[in-house]
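Worksheet: the structure to be examined is printed underneath.
The values are calculated or read from the model by the stated rules, or taken from the named source; none is laboratory data. A quick note: this is a predicted structure, and the numbers were derived from the prediction, not measured. Here Cβ is always computed from backbone atoms with ideal geometry, including for glycine, and neighbour counts include all displayed protein chains. The accessibility values were calculated without ligands, DNA or RNA, using every heavy atom of the protein model including side chains. Shrake-Rupley method; radii C 1.70, N 1.55, O 1.52, S 1.80 Å.
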Amino acid sequence: MEMNQHNNNAKSKDYIYILGGGMVKDKEKWRTMRLDEGTKLGALGDRLRVEATYVLYKNNPELLFLSSGSKGMYKDIQNAPTGAELIKTELIELGIPKNKIFKEDKSVNTWQQLQKLKEVINKENLSHAYILSNRYHLPRIKTMIEKDNKLNILLEQGKIELISAEEILIESDPDKWKEKIDKAYAHEQMKKRI
């Protein structure tokens, strides 16, 4: 989905559901993984999801955001944040008001994140939810949605849409993002991951 399309269609109760994944610790600070980092930790490019979320917010400040993810493989590290908390922190640092960002911090993997989204859609009676992840991740998410009858119905009804962080960023600033993203996707590690 193109960002401009999203801006024209979004309602104030629309949620952008940001799937969490990889995080690393640099000295004393935890952060989401950049696109150019290795696959050993299990995810690539989560920082792009954060950057794309900020672009969406700048273009539609009425949106609400739901960051997701538990501590994952860092569950035994006491001071490690959850993926949801880390994404929320980074979004606030970029300038999104904290009252626009909600957290779901119990899910350990993509399947569980989708199940939690289903609960949120039911509980909040949402008419629409956008799932934001990386381009390489979207086919996997779509396959998982198709395996869940309730989610698949929501997808077919257009109540769930998948959006690519890379496409949002390239559309918003091609000079900054296109070459960087193309280079990362041409890398052997990324090809293996895909």
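Matching residues to (1) polar (S, T, N, Q); (2) touching a strand residue (DSSP E or B) at 6+ places or on another chain (Cβ under 8 Å):
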{"position": "Ile92", "(1), (2)": "no, yes"}
{"position": "Lys100", "(1), (2)": "no, yes"}
{"position": "Lys106", "(1), (2)": "no, no"}
{"position": "Gln113", "(1), (2)": "yes, yes"}
{"position": "Arg135", "(1), (2)": "no, yes"}
{"position": "Pro139", "(1), (2)": "no, no"}
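The residue that is modelled with the highest pLDDT, counting only those in the stretch 65-83 that are over 15 Å from Ser133 (Cβ atoms), open to solvent by less than 30 Å² (accessible area, probe 1.4 Å) and out of contact with any Gly (no Cβ under 7 Å at 6 or more places or on another chain), is Pro81.
What number of residues within the stretch 58-69 are without any contact (Cβ under 8 Å) to a residue 40 or more places away in the chain and not basic (Lys, Arg)?
In the first step, residues of the stretch 58-69 are kept if they are without any contact (Cβ under 8 Å) to a residue 40 or more places away in the chain; the result is 58, 61.
Those left that are additionally not basic (Lys, Arg): 61.
Residues flagged as without any contact (Cβ under 8 Å) to a residue 40 or more places away in the chain and not basic (Lys, Arg) within the stretch 58-69 amount to 1.
Looking only at the stretch 84-126, residues that are open to solvent by 70 Å² or more (accessible area, probe 1.4 Å), touching a helix residue (DSSP H, G or I) at 6+ places or on another chain (Cβ under 9 Å) and either touching a residue at least 40 places away in the same chain (Cβ under 8 Å) or within 13 Å of Tyr17 (Cβ to Cβ) (or both) come to 2 in all.
Assess whether Leu94 counts as being out of contact with any Lys or Arg (no Cβ under 7 Å at 6 or more places or on another chain) and over 30 Å from Ala186 (Cβ atoms). No: the conditions fail for Leu94. One residue stands out among those in the stretch 145-172 that are within 19 Å of Asp46 (Cβ to Cβ) and charged (D, E, K, R): the one that is most open to solvent (accessible area, probe 1.4 Å), which is Glu167. When residues in the stretch 148-178 are screened for being free of Cβ contacts under 8 Å to residues at least 12 places away in the same chain and in contact with a Leu (Cβ under 9 Å, 6 or more places away or on another chain), 3 of them pass.
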